[in-house]
1. With r defined as the distance between the Cβ atoms of ASN255 and ASP86 and R0 fixed at 45 Å, what FRET efficiency is calculated, to the nearest 0.05?
2. So, in nm, how far is label SER243 from label GLU183 when the simple model puts each one 7 Å beyond its Cα toward the Cβ?
3. With respect to the cross-link table entries LYS46/LYS67; LYS220/LYS247; LYS204/LYS238; LYS191/LYS238; LYS46/LYS121, which display a Cα-Cα separation exceeding 23 Å?
4. At q = 0.13, 0.15 Å⁻¹, work out log10 I(q)/I(0) for segment 147-277 with the Debye formula, treating every Cα as an identical point scatterer and leaving solvent out; two decimals please.
5. Could you compute the FRET efficiency for ASN213 and ASP126, with r as their C-beta to C-beta distance and R0 at 35 Å, rounded to 0.05?
6. Tally Lys and Arg at +1 and Asp and Glu at -1 over the other residues with C-beta under 13 Å from the C-beta of VAL225: what net charge comes out?
7. Once you have all Cα-Cα distances for segment 1-61, histogram them in 5 Å bins from zero and send the whole-percent values.
8. Using +1 at the Cβ of each Lys and Arg and -1 at the Cβ of each Asp and Glu in segment 147-277, identify which of ILE161, ASN213, VAL182 lies farthest towards the dipole's positive end.
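Since every read-out is calculated from the coordinates, none of them should be taken as a lab result. All values derive from a computational prediction rather than experimental measurement. FYI the Cβ positions are ideal-geometry reconstructions off the backbone, even for glycines, and counts take in every protein chain you see.
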Amino acid sequence: MDTLTKLVAQIQPGYIYLTLGTTYQLSSICHSLNLSPHLLFEPKRKELIETLYYHNYSYNCFIIILKELKSSTKSVATNEYILPSDLEPFEDNYVFIPLVGLDCEVTAAAKKAAQSLEGGKYRILDLRNTSLKFLPFDNNQEPIYTTEQTIVYSLLSAKHIMRWATFTQNELRQWFVTPGQVEPILLIRSKATSLIPFILPFCKTLEHYWHKNPSGILLKFAIWVFLSTTVWNTNRCKGLTVSKNKKGETVFYYNPSVKARMEWNNFTHLVTQTTKLL
């Protein structure tokens, strides 16, 4: 029995696994356990407790992307994003909290918080020394792409996805909200047109955030595409893939699963509801 098989056999429901690993590695773990994970993106304390404490008829596996990994032993905490140290999931629920950020690094603060939480219902799950790939691809040399294709290709990498949080206003006008152009030019030039229907709701809200970090809205879209390819993918619906067409041109194809489409509805609802409050 190899290390990974032994590790999977030790994972039990009813616990919260502080995971030294990426969302891609976690998706492999979940597939091994025949689990379909549900994402909780930057949940508040109340949402965490209400979601995990009770039986859920739709999901029994949760991956929690925290806004910031901090813990508190106090019964009353002023920060609503602080992770409760006494959080107890329902006995049938599998819960994972990846500690590796989008830059594939575990911060000192995350390590310290994990160590302070370990014990009781909290366990540390270390995937760094398993046979699982750290990233969803292991190419020693990436293909040469155009600038636009490189940006789309970054959607496949936890290491490079943060590019979507750094667009300047000029780049946003050039590629995503060009006057007189409905569809994003970046996706047309990169031959990733199958992503257009999914990004349009995000692009339409950019003007509301023009002076409030508009690129942050596109990062939410990028995270959704990445997770739909690495966590919510299926054998038939692989998310974002790269191939060559009959002309030998690089083309991006996007086919999200039913689960990914459901999460897209949640992401777009969150963005549009926030827009109404501005």
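1. 0.60
2. Distance between label points: 1.9 nm.
3. Those over the limit are LYS220/LYS247; LYS204/LYS238.
4. Once normalised to I(0) and log-transformed, intensities are -0.51, -0.69.
5. It comes out at approximately 0.55.
6. That sum, taken over residues with Cβ under 13 Å, equals +3.
7. 4, 13, 25, 29, 17, 9, 3, 1, 0
8. ILE161
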